1. Only residues in the stretch 165-184 that are closer than 16 Å to VAL59 by Cα count as the first member; pair them with residues that are among the β-branched types (Val, Ile, Thr) and outside any helix (DSSP H, G or I), Cβ under 9 angstrom, at least 6 apart or cross-chain, and list the lot.
2. In the stretch 73-95, is there at least one residue being under 15 Å from the mean Cα position of the chain (by Cα) and part of a helix (DSSP H, G or I)?
3. Which of the residues that make up the stretch 123-151 are part of a loop (DSSP other than H, G, I, E, B), within 15 Å of the chain's Cα centre (by Cα) and of a type outside the set (Phe, Trp, Tyr)?
4. Quick check on the stretch 52-65. Is at least one of its residues without any contact (Cβ under 8 Å) to a residue 12 or more places away in the chain and under 16 Å from the mean Cα position of the chain (by Cα)?
5. Considering each of GLY86, GLY109 in turn, give the residue that is of a type outside the set (Phe, Trp, Tyr), surrounded by fewer than 16 Cβ atoms within 10 Å (Cβ to Cβ) and either within 24 Å of ARG53 (Cβ to Cβ) or in contact with a Ser or Thr (Cβ under 9 Å, 6 or more places away or on another chain) (or both).
6. For the stretch 140-177, what are the residues that are closer than 20 Å to LYS115 by Cβ, surrounded by fewer than 13 Cβ atoms within 10 Å (Cβ to Cβ) and either hydroxyl-bearing (Ser, Thr, Tyr) or in contact with a Ser or Thr (Cβ under 8 Å, 6 or more places away or on another chain) (or both)?
7. I need the full set of residues from the stretch 152-184 which are over 20 Å from the mean Cα position of the chain (by Cα) and either part of a strand (DSSP E or B) or among the polar types (S, T, N, Q) (or both), in order please.
8. Pairs under 8 Å by beta carbon, first residue surrounded by 15 or more Cβ atoms within 10 Å (Cβ to Cβ) in the stretch 1-25, partner basic (Lys, Arg), six or more apart or different chains?
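The values are calculated or read from the model by the stated rules, or taken from the named source; none is laboratory data. A quick note: this is a predicted structure, and the numbers were derived from the prediction, not measured. Heads up, the Cβs are rebuilt from the backbone with ideal geometry, glycines too, and the neighbour counts pull from every protein chain shown.
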Amino acid sequence: MIDLRPLERSDSERLFLWRREPEVDRWMCGRVSETLDEHERWLDQFLANPDVRGWIIAVRGEPVGLLTLKGLAGCDQCAQWGWYIGEAGARGRGVGRAAQALGLDLAFGELGLNKVTAEVLADNEVALKAQASAGFRREGYLRQQALKDGRFRDVVLLAVLREEWNRCRDAFLRSLSGSGLIAS
């Protein structure tokens, strides 16, 4: 089974290593912290910021990834999320899709959001497909928005509304029913 638990300071080294994984970094905007000290300063700021929250994605209690929401302090009931699977052995097994379901339930339920947005590198077809399957729709396209590995990359803006998630939620959960990752 998969679950989300709040991000803690003790997760720092794990996050640092995950973020430095080439398969994670290649799809992330921004640069990787060069040192663990630099990363820990970033994490301290993240944990102290009321505008953002993070959760460790765990499979059967073992940490495998990270899900974040930012923009929570605003009055618009809208936040931007990001997530990745840091453990190579957990990729391609439905863990990300299951984490999306839990994350959207959390965002639209407990946190009371009306809209969740995402920014995805335009050539990340796997992430675009995963987001679309959870009800995300394209809202924009930013040309040469992200500088990654010395070249500018385009970014797709996506969003899902609470009402859209509610409409597709049952079918999305049914698509995960055989995975053993999420309760039916």
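1. Partner pairs satisfying both residue conditions: LEU176/ILE182; SER179/ILE2; LEU181/ILE2; LEU181/VAL59; ILE182/ILE2.
2. Yes, the stretch 73-95 contains at least one residue that is under 15 Å from the mean Cα position of the chain (by Cα) and part of a helix (DSSP H, G or I).
3. ASN124, ALA134, GLY135 - these are the residues of the stretch 123-151 that are part of a loop (DSSP other than H, G, I, E, B), within 15 Å of the chain's Cα centre (by Cα) and of a type outside the set (Phe, Trp, Tyr).
4. no
5. Numbers: GLY86 fails: surrounded by fewer than 16 Cβ atoms within 10 Å (Cβ to Cβ).
Exactly one residue qualifies, and that residue is GLY109.
6. Correct list: TYR141 only.
7. Result: PHE152, SER177, SER184.
8. Filtered contacts from the stretch 1-25: LEU7/ARG53; ASP25/ARG19.
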